[in-house]
1. Return the residues of segment 78-108 that are more than 9 Å from the ligand (Cβ to nearest atom) and on the phi > 0 side of the Ramachandran plot; say none if nothing qualifies.
2. Counting just the residues of segment 109-122 that are part of a strand (DSSP E or B) and free of Cβ contacts under 8 Å to residues at least 24 places away in the same chain, which one comes out nearest to the ligand (Cβ to nearest atom)?
3. If a residue must be more than 10 Å from the ligand (Cβ to nearest atom) and in contact (Cβ under 8 Å) with a residue 12 or more places away in the chain, how many such residues does segment 123-137 contain?
4. Quick check on segment 140-158: of everything there that is assigned to a loop (DSSP other than H, G, I, E, B) and away from the ligand (no atom under 11 Å from the Cβ), which residue is modelled with the lowest pLDDT?
5. Taking residue 78 and the conditions (1) in contact with a strand residue (DSSP E or B) (Cβ under 7 Å, 6 or more places away or on another chain); (2) assigned to a strand (DSSP E or B), which numbered condition does it fall short on, given that it satisfies the others?
6. May I ask you to list the residues in segment 81-108 that are assigned to a strand (DSSP E or B), over 11 Å from the mean Cα position of the chain (by Cα) and surrounded by fewer than 20 Cβ atoms within 10 Å (Cβ to Cβ)?
Ligand code: FES
C-alpha cells in the first residue's frame, strides 16, 4: 500500500515537472481524485458576455464565442441549475448534452479529431450523439435541444 502511494506521488511529480497532457483513464487516479484537475482537462473559459439565460434557455452569442463557433469547438456552461457541454462537431451542427457523466457524474472534454467526449474522471467516452463508446458508463448522455438562429445558439435546458 505504502509503495503504491509512493509511486503515485512520483508519478504526479513527474507529470507536474514535464507539463504532460494527461488523459487519465484509470480508476482512482490520484491526480483527479485529489481535486487538482490538470488544465488540459478543463473546458476553456467562456468569453464575458457570450451567453445569457432566459426561461430555462441558454442563449449563446456565437459572434462573441469564437472558440465554439469554430468547427471542432466546445464549451461548458452552468446555467439554470444545469451543467451543459456544447460541442460543434460539423459545420453549423451543434449538440448539447448534460455535462454529467452517467457513470458517476464527471464532466467532459471534447476531442473533435477522435469524435468523442471523454469523462475526466474515469475515461468513459461518448460519441457526438451521446452514445457510450467506452465504459465504465453504460447509459447514454441526456441531450438538450439546441437550435441555431443566425449567430445565436439556443439550448433548451428544460
Ligand atoms: S464518472 Fe466515471 S467514467 Fe465518468
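1. The answer is 80, 81, 92.
2. The selected residue is 119.
3. Selection size over segment 123-137: 5.
4. If we take residues in segment 140-158 being assigned to a loop (DSSP other than H, G, I, E, B) and away from the ligand (no atom under 11 Å from the Cβ), then 158 is modelled with the lowest pLDDT.
5. Residue 78 satisfies every listed condition except (1).
6. The answer is 82, 89, 90, 93.
Condition check ((1) in contact with a helix residue (DSSP H, G or I) (Cβ under 9 Å, 6 or more places away or on another chain); (2) over 24 Å from residue 50 (Cβ atoms)) across all residues:
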residue: 72; (1), (2): no, no
residue: 77; (1), (2): no, no
residue: 98; (1), (2): no, no
residue: 102; (1), (2): no, yes
residue: 123; (1), (2): no, yes
residue: 149; (1), (2): no, no
residue: 152; (1), (2): yes, no
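The values are calculated or read from the model by the stated rules, or taken from the named source; none is laboratory data. Owing to the predicted nature of the structure, the values given are computational and were not obtained by experimental measurement. Cβ sites come from the backbone with ideal geometry, for glycine too, and all protein chains shown count toward neighbours.
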